[in-house]
Each structure stands twice: as structure tokens, then as C-alpha cells.
Amino acid sequence: MLSRFLSSGHSDEDLMTDIIISFVLAGKDTTSAALTWFFWLLSNNPEVRKKIVKETSEKSEVPVYDEVKDMVYTHAALSESMSLYLPVPLDTKEVMADDVLPDGTAVKKGMRVTYHVYAMGRMEKLWGRDWAEYRPERWLEREGSGGESEKWRFVARDPFSYPVFQAGPRTCLGKQMAYLQMKRVVGAILTRFTVVPAMPEGTEPQLISFLTSKMKDGFPVKIHSLA
Ligand code: HEM
């Protein structure tokens, strides 16, 4: 990415430093928070894990961009995980001028307004009665007439009801890159290793809502090679 910026004529050192810092800050803790909870969910949902491994195994050993884009089931599994465990659990904005929100709430210049993305991911009104179930299929539609040609199609949610990457003009600039990175990492790990929680049976990890959703005391795991 850095070489793309430089080759497109952006050589100003301060600008490049700002871009690199914001990408590292915005992109590292978010994707690691997303993947921590994702691997936790997978440890309790072996059938989802199997489907991801099957999808990844059908691609090249080091999948190229188009192949990663085509990892529809893995995309859905990550999206579903991020709706239960939001990498950025809440987001606060400052009101620039007196205004009235669509529901009639008046807001005054200087007030702070927070939207609680974590709560939104657990609302029956948005996700149905089975909102607590980890079900990647809720993001998928069958494509084709069945048999060999049948494929899954990913059905994206409107970003205002799934504001994991925020919505509107200041949407996350790294959204596509985040999915690309996470799909590659997940595929590479799951086809080579099993990731087993190293916690006493029945432990429910505790979520710490900070800038990102952390797991209290981290997520201790044992990695077993499949080779
Ligand atoms: C799962 C991963 C990620 C999540 C959940 C996420 C979420 C978000 C959210 C909620 C915002 C809006 C913050 C706000 O202004 O209130 C944001 C902004 C941003 N994100 Fe991400 N992000 C992720 C990964 C990445 C990656 C990998 C990059 C870059 C490589 C990135 C770059 C940015 C940038 C530059 C902004 C600022 C956009 C702007 O203000 O116009 N993000 N992200």
C-alpha cells in the first residue's frame, strides 16, 4: 500500500507519516479485536469452522485477490461474528450545530451523541429472535439452480443498521482491506492448525468495552498443527 501511495506521487513526508500512523492505529486493534472474538465463536461452532476450511481448501495455497473475494462463506462468518462482538463497540460524535434527530430528539451544538453499536448487534428488532445465535447463513442466499452450480451469495446489510464500520461519508476507509486481511489470516490458520481455547471448560469470556472490544485477560489458546 505504501508503495502504491509513493508511486502515485504522494511523497510528502508528513502526509505519509500521518497516513501510516492512522492506518496502523485504525487497522491493527480493530482487526485483532474482531479476530479474537471470531476464533472464540469458532471454538464453539465446529460446523462453521468446517465450512470455512472447505471453502479455503478450494482456493490456491496463497489465494489471490479474486479468490479471497470469492470466499463468501468466510465473509459471512466474519460479518456475523462482528455483529455479536463489535470490534468498535460504541462511537461518539460532537454536535456541530443545533439539530433535531430523525426520532425528534433535539441536540444542541457542543453536545456529545453516542451510538451503541454493541447494543445494536443484539437487538431483536434488527436481527430477529435468534439474534444470539452465531449463524453466518443469515448473511447468505443460494445462487444457481442447485447441484454442482449452486453457490452462496453474500447479502450485505444496510450500514445504518450494521454500523460496524460506521455509515455515511466517514465510513471506515479500510473496510475492504480489513475483510481481505482477515479472510486471508483465517483461511491460512484454519487450513493448517486448530485453535483450542486454553481455559477451563465452561468459561465465558468477559468483554471489556474500550476503544475496541477487548477480551478480559486475553484469549489463551493452544495451537495444534494439522500436518
Ligand atoms: C474489523 C476491522 C475494522 C473496523 C471494525 C473498523 C471500524 C471503523 C469505524 C467504526 C470507523 C469510524 C470511526 C469514527 O470516525 O467514528 C473507522 C474509521 C476509519 N478506519 Fe476503520 N475499521 C477496521 C479496520 C480498518 C483498517 C484495516 C484500516 C486501514 C488499513 C482502517 C482505516 C480507517 C480509517 C483511515 C478511518 C477514518 C475514516 C474517516 O474518518 O474518514 N480501518 N473504522
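The values are calculated or read from the model by the stated rules, or taken from the named source; none is laboratory data. Everything numeric here is computed off the predicted structure, so don't read it as measured data. No Cβ is skipped: glycine too gets one built from the backbone with ideal geometry, and neighbour counts run over all protein chains shown.
Mind checking which strands (runs of 3 or more DSSP E) fall wholly inside segment 91-146 and carry at least 1 residues that are touching a Phe, Trp or Tyr at 6+ places or on another chain (Cβ under 7 Å) and either modelled with pLDDT under 95 or under 21 Å from residue 210 (Cα atoms) (or both)? Even if it seems obvious, please write down each step before you answer.
On the way: elements: 91-94, 112-115, 140-143.
Once the strands (runs of 3 or more DSSP E) in segment 91-146 are filtered for at least 1 residues that are touching a Phe, Trp or Tyr at 6+ places or on another chain (Cβ under 7 Å) and either modelled with pLDDT under 95 or under 21 Å from residue 210 (Cα atoms) (or both), what remains is 91-94, 140-143.
In this structure, is residue 73 away from the ligand (no atom under 11 Å from the Cβ) and in contact with a Lys or Arg (Cβ under 7 Å, 6 or more places away or on another chain)? Can you show your working first?
Numbers: away from the ligand (no atom under 11 Å from the Cβ): yes; in contact with a Lys or Arg (Cβ under 7 Å, 6 or more places away or on another chain): yes.
So residue 73 fits the description; yes.
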Worksheet item: Which ranges mark the helices (runs of 4 or more DSSP H) fully within segment 1-85 that have 1 or more residues being within 30 Å of residue 133 (Cβ to Cβ)?
Response: 13-44, 46-57, 65-69, 72-84
Item to complete: Please state which of the following conditions residue 183 fails to meet, knowing it meets all the rest: (1) within 16 Å of the ligand (Cβ to nearest atom); (2) exposed (fewer than 12 other Cβ atoms within 10 Å of the Cβ).
Response: (2)
Item to complete: Within segment 55-67, identify whether any single residue is over 23 Å from residue 219 (Cβ atoms), near the ligand (Cβ under 10 Å from one of its atoms), surrounded by fewer than 19 Cβ atoms within 10 Å (Cβ to Cβ) and of a type in the set (A, V, I, L, M, F, W, C), and answer yes or no.
Response: no
Discussion item. Can you tell me which of (1) within 11 Å of the ligand (Cβ to nearest atom); (2) part of a helix (DSSP H, G or I); (3) of a type outside the set (S, T, N, Q) is the one residue 172 doesn't meet?
Written reply: (2)
Item to complete: Go through the residues of segment 73-92 one by one and say whether even a single one is of a type in the set (Asp, Glu) and within 27 Å of residue 189 (Cβ to Cβ).
Response: yes
Worksheet, complete the sentence: The one condition residue 189 fails out of (1) within 22 Å of residue 91 (Cβ to Cβ); (2) away from the ligand (no atom under 16 Å from the Cβ); (3) surrounded by 13 or more Cβ atoms within 10 Å (Cβ to Cβ); (4) among the aliphatic types (A, V, I, L, M) is (1)
Worksheet item: Does residue 76 meet the test of being touching a strand residue (DSSP E or B) at 6+ places or on another chain (Cβ under 6 Å), closer than 22 Å to residue 31 by Cα and of a type in the set (Gly, Ala, Ser)?
Response: yes
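Is it fair to say residue 170 is touching a residue at least 24 places away in the same chain (Cβ under 8 Å) and of a type in the set (Lys, Arg)?
On the way: touching a residue at least 24 places away in the same chain (Cβ under 8 Å): no; of a type in the set (Lys, Arg): yes.
It is false that residue 170 is touching a residue at least 24 places away in the same chain (Cβ under 8 Å) and of a type in the set (Lys, Arg).
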